[in-house]
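Asker: There's a structure below that I have some questions on.
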Amino acid sequence: MNPIKQFEKPKAKDSEIRMEGEYYKTKESVEEYIRLAKDVNGKQLIEKLQHVLEPGSTLLEIGSGPGTDWKILNKSYRVTGSDSSIAFLNHLKTENPNQTFLELDATTLRTDTKFDGLYSNKVLHHLNENELVDSVKRQHEVLQTKGVICHSFWKGKGSEIFKGLFVKYHTKESLKEAFGPYFKILSIESYTEFDQGDSLVLLGAKN
């Protein structure tokens with residue numbers, strides 16, 4: 001989840017490989033992120049997820065970050081959190097002892113566990129087009145039969161760099177193209193996080 005939208009960054013080509021910046025990787029950047037994101041959560045996304053995923057279902061959150069959405073999800077589901085950042089994982093495990101958090105890359109999702117649902121809030125926008133295709137295929141593999149997904153993205157076209165991290169904007173059409181081969185698209189809707197209609201939320205069911 002990315003709480004900062006108003007920033008100036010150099011533009012990047014869609015084909016550019018994702019930059020491996022240090023943001024989200026260090027204790028200092030994680031502490032900064034937690035401070036900036038303290039009033040931001042995915043409550044409105046989770047309410048949409050609850051329409052398609054039964055309470056008590058198993059759920060993998062891709063990119064739990066500071067754990068804000070994880071805490072909301074955990075009230076309704078048996079949630080496994082994850083992140084690629086060791087700094088975030090250390091924070092999550094300290095704040096939520098005896099809970100399950102995995103070190104996972106959003107592209108490869110290297111886990112043998114299958115889930116009833118997958119959720120991410122402004123995480124998959126860090127993947128370039130090829131990485132997103134690989135992630136979608138892997139998501140299909142780690143879902144149970146009739147599994148569902150709920151993902152959010154920044155709405156728009158093109159891509160840019162934020163604190164050394166690749167950020168890809170999406171349209172309804174680009175999301176249909178990426179997810180359509182593996183998922184029945186239940187809905188793709190615009191919603192507002194900071195500016196009117198600045199975001200998209202996708203709900204899908206495994207084909």
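Asker: Pick the calculated percent of Cα pairs over 31 Å apart for this structure from (1) 11; (2) 21; (3) 64?
Answerer: (1)
Asker: Here's something else I'd like to know. Could you size up the charge dipole of the chain around its Cα centre, putting +1 on the beta carbon of Lys and Arg and -1 on that of Asp and Glu, and report it in debye to the nearest 20? Walk me through the intermediate numbers first.
Answerer: Working: 29 positive and 30 negative charges, 74 e Å.
Here the size comes out at about 360 debye.
Asker: Can you list the residues, at least 5 places off or on another chain, whose amide H is less than 5 Å from the amide H of LYS122, using H built in the peptide plane?
Answerer: SER152, PHE153
Asker: Right, here's the next one. Note the per residue figure in Å³ for the convex hull of the C-alpha positions in segment 113-158.
Answerer: 79
Asker: Take LYS172 and GLN99, extend 7 Å from each Cα along the Cα→Cβ direction, and tell me the distance between the two endpoints in nm.
Answerer: The answer from the label model is 3.4 nm.
Asker: Next question. Which lysines does LYS38 reach when only Cα atoms under 16 Å apart count, and residues fewer than 8 places away in its own chain are ignored?
Answerer: LYS5, LYS71, LYS122
Asker: Going through segment 133-207, which chymotrypsin sites (Phe, Trp or Tyr not before Pro) have at most 15 other Cβ atoms within 10 Å and a DSSP loop state? Could the numbers behind the result be given before it?
Answerer: On the way: sites: PHE153, TRP154, PHE162, PHE166, TYR169, PHE179, TYR182, PHE183, TYR191, PHE194; in loops: TYR169, TYR182, PHE194.
Filter output for segment 133-207: PHE194.
Asker: Right, something else. At ASP39 and SER76, where each label point lies 7 Å from the Cα along Cα→Cβ, what is the point-to-point distance in nanometres?
Answerer: 2.5
Asker: At 0.36 nm per residue, and after removing the present C-alpha to C-alpha distance, how many nm does the segment from TYR191 to ASN90 gain when stretched out fully?
Answerer: Additional length available on full extension: 33.2 nm.
Asker: Something else about it: Could you work out [θ]222 nm for the chain from helices alone, using -39500 (n - 2.57) per DSSP H run of at least four and dividing by all its residues? Round to the nearest 500 deg cm²/dmol. Please list the in-between numbers first.
Answerer: Working: 6 runs with 55 residues, N = 207.
Estimated from H runs of four or more residues: -7500 deg cm²/dmol.
Asker: Just tell me which lysines come within less than 23 Å, Cα to Cα, of LYS146; anything on the same chain fewer than 8 places away is out.
Answerer: Output for LYS146: LYS48, LYS75, LYS114, LYS137, LYS172, LYS176, LYS184, LYS206.
Asker: On to the next question. Would you mind calculating the relative contact order of the chain from Cα pairs under 8 angstrom and at least 6 residues apart, reporting the percent as a whole number? Could the numbers behind the result be given before it?
Answerer: Numbers: 404 pairs, mean separation 45.6, N = 207.
Normalised by residue count, the contact order of the chain is 22 percent.
FYI, it's all coordinate maths here, none of it is from the lab. Here the structure is a predicted model, which is why all the values come from computation and not from measurement. Cβ: placed from backbone, ideal geometry, glycine included. Neighbour counts: every protein chain shown.
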